1. Out of the range 125-153, which residues are farther than 22 Å from ASP27 by Cβ and either in contact with a Phe, Trp or Tyr (Cβ under 8 Å, 6 or more places away or on another chain) or at pLDDT 90 or above (or both)?
2. Go through (1) among the β-branched types (Val, Ile, Thr); (2) closer than 26 Å to VAL157 by Cβ; (3) in contact with a strand residue (DSSP E or B) (Cβ under 9 Å, 6 or more places away or on another chain) one by one and return the number of the condition VAL74 breaks.
3. Within the group LEU170, LEU144, LEU92, LEU125, which residue is of a type in the set (A, V, I, L, M) and under 18 Å from ILE23 (Cα atoms)?
4. Only residues that are among the hydroxyl-bearing types (Ser, Thr, Tyr), out of contact with any helix residue (DSSP H, G or I) (no Cβ under 7 Å at 6 or more places or on another chain) and surrounded by 14 or more Cβ atoms within 10 Å (Cβ to Cβ): list them for the range 1-52, please.
5. Could you tell me how many of the residues in the range 90-122 are of a type in the set (Phe, Trp, Tyr) and touching a strand residue (DSSP E or B) at 6+ places or on another chain (Cβ under 7 Å)?
6. Checking the condition touching a residue at least 12 places away in the same chain (Cβ under 8 Å), of a type in the set (D, E, K, R) and more than 29 Å from THR13 (Cα to Cα), which residue from ASP149, ASP96, ASP64, ASP131 passes?
7. Which numbered condition in (1) among the charged types (D, E, K, R); (2) surrounded by 15 or more Cβ atoms within 10 Å (Cβ to Cβ); (3) more than 30 Å from ILE23 (Cα to Cα) is the only one that GLU114 fails?
Amino acid sequence: MEKWFNVGKIVNTHGIKGEVRVISKTDFADERYKPGNKLFLFRKNDTEPLELTVASHRQHKNFDLLTFEGYTNVNQVEPFKEGILKIPESFLTELDEGEYYFHEIIGCSVFTTEGEEIGAIREILTPGANDVWVVKGKNGKEILIPYIDDVVKEVDVKNKKILIHPMEGLLS
């Protein structure tokens, strides 16, 4: 069974020439939306995804604007609204050392270097210079872990375990 990963959501059309407005869910928009690349559109009432080939990509405000080969006017892409663009796991590329896909990090258990279990990563925020991992602590409180070398000491995605050396005040 193929595993699928969200790339973005089509939220509207843009203009009359078949362009769609996408809210991206990928860190690799330029790579994913490169002309010629394949994306798969999942819509509520469809049993199978629709395979689409990217014809053009540009950014406008907070959106990625895409056109697809064979879809040249707004009437053809209107039914795509609210659809989710995905790629199969086989499309994922190798990342550099120290880089991870969100799905590899979410769900990992976080421990201090002293062996204390902090909780599990529930979400990843990308506010700027570095990612921030949101951990649901054992007491239900959210703990924000900055993904920086001073704090994150070891990431083992295979065993879903992360070791951190908490900065002063991080866990209080």
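1. Narrowing the range 125-153 to residues farther than 22 Å from ASP27 by Cβ: 136-143, 150, 153.
Once the filter is applied, which keeps residues that are farther than 22 Å from ASP27 by Cβ and either in contact with a Phe, Trp or Tyr (Cβ under 8 Å, 6 or more places away or on another chain) or at pLDDT 90 or above (or both), the range 125-153 yields GLU142, ILE143, ASP150, LYS153.
2. VAL74 satisfies every listed condition except (2).
3. The conditions single out LEU125.
4. Step one: of the range 1-52, the residues among the hydroxyl-bearing types (Ser, Thr, Tyr) are 13, 24, 26, 33, 47.
In the following step, the residues that additionally are out of contact with any helix residue (DSSP H, G or I) (no Cβ under 7 Å at 6 or more places or on another chain) were identified as 24, 33, 47.
Listed by number, the residues that qualify are SER24, TYR33.
5. So in the range 90-122, the residues of a type in the set (Phe, Trp, Tyr) come out as 91, 100-102, 111.
In the following step, the residues that additionally are touching a strand residue (DSSP E or B) at 6+ places or on another chain (Cβ under 7 Å) were identified as 100, 102, 111.
So the answer is 3.
6. Details: ASP149 fails: touching a residue at least 12 places away in the same chain (Cβ under 8 Å); ASP96 fails: touching a residue at least 12 places away in the same chain (Cβ under 8 Å); ASP64 fails: more than 29 Å from THR13 (Cα to Cα).
Within the list ASP149, ASP96, ASP64, ASP131, the selection yields ASP131.
7. The single condition GLU114 does not satisfy is (2).
The values are calculated or read from the model by the stated rules, or taken from the named source; none is laboratory data. This structure is a prediction, so every number in the text was calculated from the model and none was measured. Note that we place each Cβ from the backbone using ideal geometry, even for glycine, and neighbour counts take in every protein chain shown.
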